[in-house]
Amino acid sequence: MKNNHLSVSWWRSIDKIIFIPILILLFIGIIAISSASQKFGTINLKSNLMWNKHLIFCILSLFTIFIISKLSTKQIIILSISLFSLSIILCFTALIISQETKGATRWLNFIYFSIQPSELAKPTFIILSSLLFVRYKIKEDFSLIINLFCLSLISLILIMQPDFGMLILICVVWVIQLLTINIKSKILYPIISAILGIFLLCFFILDHVRFRIMNYLFSGIGDNYQITKSIDSFKSGGFFGQGIGEGIISKKLPDSHSDFVYALISEELGIIVAIIILFLYMIPYIRIHYICQRSSNLFIITSLTGLSNIFLFQTIINISSTLNIIPTKGMTLPFISYGGSSLFSSALLIGFILVLIKDDINE
Amino acid sequence: MTEKNFTGLVYDNIFPRSIGKESKKIYFHDSNDLIRNSRKEEIKKFAKKTNLLFFFISLAFLMFILINLLKISLNKFDLNQIYPKTDISRGEILDRNGEVLATSIKTKDLYINSRNILDKGKLSMKLKEIFPNKESLPKLNKKKYFLFKKYLSIDEINKLKKIGDPGIVFQTSEKRIYPQHNIFSHLTGFKIDKLKSKLENNFDSTLSLGKDLKLTVDLKVQNIVRDELIKGLEIYNAKSALSIVMNVKNGEILSMVSLPDFDPNFPKTIQDFTENNLVTEARYEMGSTLKMFNAALAFELKSNLIRKNFDISQGYQLTNKNTISDSHINLDKINFDQAFVHSSNIASIKIIEEIGIEKQKELFKNIGLIDNPNVNGLNVVSNKGPRIWNDTYSKSMSYGYGISLSPISLVSSFATLVNGGKIVTPNIIKTKLNGNKKKVLSNETSKQINILLEKVVKNGTGKTAAVAGLKLGGKTGTSKKVENGQYSEKKVITSFIGVFPIEDPNFLTFVLFDEPQRNTGLSLESFGSNTAAPTFSKIVSKISPILIQNNYFKYSRNESR
């Protein structure tokens, strides 16, 4: 009974316009993975390990949203700082271990599962940086230097992994936050030019980044297998799709369960559902910005800007690369793609947003 | 409370706290936090503006994605056209009893992914051990992903798996197999990768959808015919040979053999001269077999030629240079029947002189000797008639010269002579038979022709074609080949066309040898009677029990219903 009372009061406290679209997206994700997982496991879903794992991840992420959204703003700041430090340590551990084993550098393998610690850093870094930005704006002290140090630390990790999608995502959102607090152009321009310089350097030094971009611009350099198959799946789906589990072309994509899950959904459920998904991402985003405009707390404005943009940019980057609008980038679709780390990170992000909105309204 | 209506700074509440002596700086004390609050308010305003700006940028991006989605969805395509379902294997080609003539099996191809190779030296060494004849190893360093070998055997796959290099990639593929090897090579043709020929090519759209193709041919009959024809080819030392067995009532082809042939399993061994299906893709001046069309004209017109005698003691001056004689007949005067039984050229000319060019032209046209025959699925060469249908050509054609026919065309026209005068369309693909056939000759004419054909075998040139216990009729044919613009005395084409059972012919068999050189005996000369007719006899003695005793025709009719 007590527990029931708890959940009822929780349900009243949260912003449903944000939470309900997320629930629907999770549901669509479960359906999509049920089809995509057949490539790896059995057709019988009960014994399909991948689908079962995805179900568990979904339940865990819902539980995470539930727990996080019960906290207060102060508590999530403390949580963010501790989780960010933890993820940085884990990232470096993964890098050091990987140098010995020559394995994948993004992942930290445990016995039964593996985690991608950089995913954890994404929402927590936004909270941390907006805290530091607000402090800098009011006191104009060394907090900007700490902020820059944190950014360079995480950038270094992402370049070494290498995970350029996330690097660009975090840098762009950080710059948006920087622009949000109106700082002196004397400081602003050097910082932005430094970031652009690093990007250019990466383009010229790192082979695979150049390959991806050149391949996009003049698609004849390498094999454009993934992107051709992806576009063909959109075409084959048409408006109403081939039906769940009937997708043929998207199943040929190596990442139809993660990076190219949107192509799979479009082929099996049709462009109509694909457009509905687009709106499901848009509704929380618009709602967050509506609250932002009415908010009187600079910290809440800055952090909500960062969190909502990281959420939407990730979606835009994923969908755009499946549609060949931008070069292919390994980035998951929030709440739909398979993967525990990505789901947990998205859940953390939505949990933070719910807390900030709740506190803003209570103020 | 005042914050809401705050518009500008009110300096009443701000007073100097202290004045520095040296730098002349003034420090203010902001007692009600007005300056700080106003600054904070400005910051928030700016933050909200920036926020709104990026909000609209993001929405613009989303709209762009939406437009792209709609643009893609508008040009929806047919999935099967671009991605033919790979799990559907190509359809089989079957004979009339369901025996497999062509089928597909799943095999594996070996690809090499150079990026994943652990040890290039070791891999190339091991590959050389397994495939000693292959020389594409230098590619290892150049190409990233390439085909190394198609159609691996199970043994090779096991050996390759034992190497255990991640650079080795297997991909399933399909191989076309022809279990009957050479027997049906000229019908099925071959298919390797995208190269294909004959039925494999002409029915590619049907087969690639996974639908089977059922033919009218019979494996047993085809095998017998081919065996006997090969024996004949060896005995008479001919350049090439061909044979057709056909149902004269519905045009179904039961057997079609052309020699030399090839093994479609190894298309690389095909040579130019073996690839043509001589039955449909070659044409010959047929010779005496065409004389039967004169007889049909005479019977059809109820001419009194039937009761006439012909003087063949003197040669017939056809042109200034060319004199026609019947040196092989030891008679001075022959009657109408004898003209065909002994195959007299002079008598044929005299008959056509009486009947006239126009009637001959009409019959040839009606019976299909002039038209280009059309057989569904086979490539048929067009017949070559005379440019001007003048007197000389008309007379030449009466004994089978001056007109080149594809064997399939001759056979289908000949079928009309014996089946009651109905037009026959040759058919290789098993389809529902349509009953409406154009009739060009009367039943009476057809009967008379059959009586005449029987006499040819009983008493005349076709004696060697006789089969014990089977009543049959037929006509020999011998024609000289053109060499350097002149009719050669040595090179001949010999043929025999026969039908059985003669009371009501059901089946027609045609045998033709190109350039037979008969070395047995004293005579170096070859005729239809001593080459094609004996082979015909051997073939029919073996296939007639299959075709007639099993009541083949009725059986196949029931089946088609």
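Given the criteria more than 9 Å from chain B (Cβ to nearest Cβ) and either outside any helix (DSSP H, G or I) or open to solvent by 10 Å² or more (accessible area, probe 1.4 Å) (or both), does A:Leu280 qualify? Give the derivation first.
Details: more than 9 Å from chain B (Cβ to nearest Cβ): yes; either outside any helix (DSSP H, G or I) or open to solvent by 10 Å² or more (accessible area, probe 1.4 Å) (or both): yes.
Considered against the rule, which asks whether it is more than 9 Å from chain B (Cβ to nearest Cβ) and either outside any helix (DSSP H, G or I) or open to solvent by 10 Å² or more (accessible area, probe 1.4 Å) (or both), A:Leu280 comes out as yes.
If a residue must be in contact with a Phe, Trp or Tyr (Cβ under 9 Å, 6 or more places away or on another chain) and at pLDDT 90 or above, how many such residues does the stretch B:449-461 contain? Talk me through it step by step, then tell me what you get.
Keep residues of the stretch B:449-461 that are in contact with a Phe, Trp or Tyr (Cβ under 9 Å, 6 or more places away or on another chain), which gives B:449, B:452-453, B:455-456, B:460-461.
Narrowing the set further to residues that are at pLDDT 90 or above leaves B:449, B:452-453, B:455-456.
So the answer is 5.
Say we look at the stretch A:287-310 and pick out the residues that are more than 8 Å from every other protein chain (Cβ to nearest Cβ) and under 14 Å from B:Leu59 (Cβ atoms); which of these is surrounded by the most Cβ atoms within 10 Å (Cβ to Cβ)?
Here the residue is A:Ser308.
Could you check how many residues of the stretch B:349-392 are surrounded by 16 or more Cβ atoms within 10 Å (Cβ to Cβ), touching a residue at least 60 places away in the same chain (Cβ under 8 Å) and closer than 30 Å to B:Asn330 by Cα?
2
What residue, of B:Lys333, B:Lys321, is at pLDDT below 85, in the same structural domain as B:Ile449 (by TED's automatic domain parsing) and surrounded by fewer than 21 Cβ atoms within 10 Å (Cβ to Cβ)? If you could, list the steps in order and put the result at the bottom.
Values: B:Lys333 fails: at pLDDT below 85.
Residue meeting the stated conditions: B:Lys321.
Residue-by-condition table, conditions (1) outside the structural domain of B:Ile502 (by TED's automatic domain parsing); (2) open to solvent by 60 Å² or more (accessible area, probe 1.4 Å); (3) in contact with a Gly (Cβ under 7 Å, 6 or more places away or on another chain):
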{"position": "B:Arg226", "(1), (2), (3)": "no, no, no"}
{"position": "B:Ser243", "(1), (2), (3)": "no, no, no"}
{"position": "B:Asp261", "(1), (2), (3)": "no, no, no"}
{"position": "B:Asn277", "(1), (2), (3)": "no, no, no"}
{"position": "B:Tyr284", "(1), (2), (3)": "no, no, no"}
{"position": "B:Gly287", "(1), (2), (3)": "no, no, yes"}
{"position": "B:Asn294", "(1), (2), (3)": "no, no, no"}
{"position": "B:Glu300", "(1), (2), (3)": "no, yes, no"}
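Do you know which residues across the stretch A:324-337 are open to solvent by 10 Å² or more (accessible area, probe 1.4 Å) and either modelled with pLDDT of 90 or more or within 14 Å of chain B (Cβ to nearest Cβ) (or both)?
Answer for the stretch A:324-337, where residues must be open to solvent by 10 Å² or more (accessible area, probe 1.4 Å) and either modelled with pLDDT of 90 or more or within 14 Å of chain B (Cβ to nearest Cβ) (or both): A:Asn324, A:Ile325, A:Ile326.
Which residues, taken from the stretch B:339-377, are over 28 Å from the mean Cα position of the chain (by Cα), assigned to a loop (DSSP other than H, G, I, E, B) and not hydroxyl-bearing (Ser, Thr, Tyr)?
B:His342, B:Gly356
Taking into account only those residues within the stretch A:338-362 that are of a type in the set (Ser, Thr, Tyr) and part of a helix (DSSP H, G or I), which is surrounded by the fewest Cβ atoms within 10 Å (Cβ to Cβ)?
This residue is A:Ser341.
Return the only residue of B:Lys384, B:Lys395 being in the same structural domain as B:Leu297 (by TED's automatic domain parsing), under 33 Å from the mean Cα position of the chain (by Cα) and of a type outside the set (Val, Ile, Thr).
B:Lys384
Just give me the residues in the stretch B:429-452 being within 30 Å of B:Asn97 (Cβ to Cβ) and touching a helix residue (DSSP H, G or I) at 6+ places or on another chain (Cβ under 7 Å), in sequence order.
Keep residues of the stretch B:429-452 that are within 30 Å of B:Asn97 (Cβ to Cβ), which gives B:429-437, B:450.
Listed by number, the residues that qualify are B:Lys432, B:Leu433, B:Asn450.
Which pairs have Cβ atoms under 9 Å, sit 6 or more apart or on different chains, and link a residue in the stretch A:10-32 that is open to solvent by 30 Å² or more (accessible area, probe 1.4 Å) to one that is of a type in the set (Gly, Ala, Ser)?
Once the first residue is open to solvent by 30 Å² or more (accessible area, probe 1.4 Å) and sits in the stretch A:10-32, its partners that are of a type in the set (Gly, Ala, Ser) give A:Ser13/A:Ser69.
Being at the interface with chain A (Cβ under 9 Å from one of its Cβ atoms) and either touching a Cys at 6+ places or on another chain (Cβ under 8 Å) or at pLDDT 80 or above (or both) narrows it down to one of B:Leu101, B:Leu70, B:Leu79, B:Leu94, so name that one.
Details: B:Leu101 fails: at the interface with chain A (Cβ under 9 Å from one of its Cβ atoms); B:Leu79 fails: either touching a Cys at 6+ places or on another chain (Cβ under 8 Å) or at pLDDT 80 or above (or both); B:Leu94 fails: at the interface with chain A (Cβ under 9 Å from one of its Cβ atoms).
Every option except B:Leu70 fails the conditions.
Looking at the stretch B:192-215, which of its residues are over 26 Å from B:Lys432 (Cβ atoms) and either free of Cβ contacts under 8 Å to residues at least 60 places away in the same chain or not assigned by TED's automatic domain parsing to the domain that holds B:Leu101 (or both)?
Residues satisfying the conditions are B:Asp193, B:Lys194, B:Lys196.
Return yes when B:Glu454 is open to solvent by 30 Å² or more (accessible area, probe 1.4 Å) and part of a strand (DSSP E or B) and no when it is not.
Answer is no for this residue.
So, in the stretch A:234-265, of the ones that are in a helix (DSSP H, G or I) and within 24 Å of the chain's Cα centre (by Cα), which residue ends up farthest from A:Gln314 (Cα to Cα)?
A:Lys251
Taking the stretch A:135-182 on its own, how many of its residues are surrounded by fewer than 17 Cβ atoms within 10 Å (Cβ to Cβ), over 20 Å from A:Leu201 (Cβ atoms) and either away from chain B (no Cβ under 14 Å) or among the hydrophobic types (A, V, I, L, M, F, W, C) (or both)?
Number of matching residues: 5.
The values are calculated or read from the model by the stated rules, or taken from the named source; none is laboratory data. Just so we're clear, the structure is a prediction, and the values are computed from it rather than from any experiment. Quick reminder, even Gly has a Cβ in these numbers, built from the backbone with ideal geometry, and neighbours come from all protein chains shown. Ligands, DNA and RNA are excluded from the accessible area calculation, which covers all protein heavy atoms including side chains. Shrake-Rupley method; radii C 1.70, N 1.55, O 1.52, S 1.80 Å.
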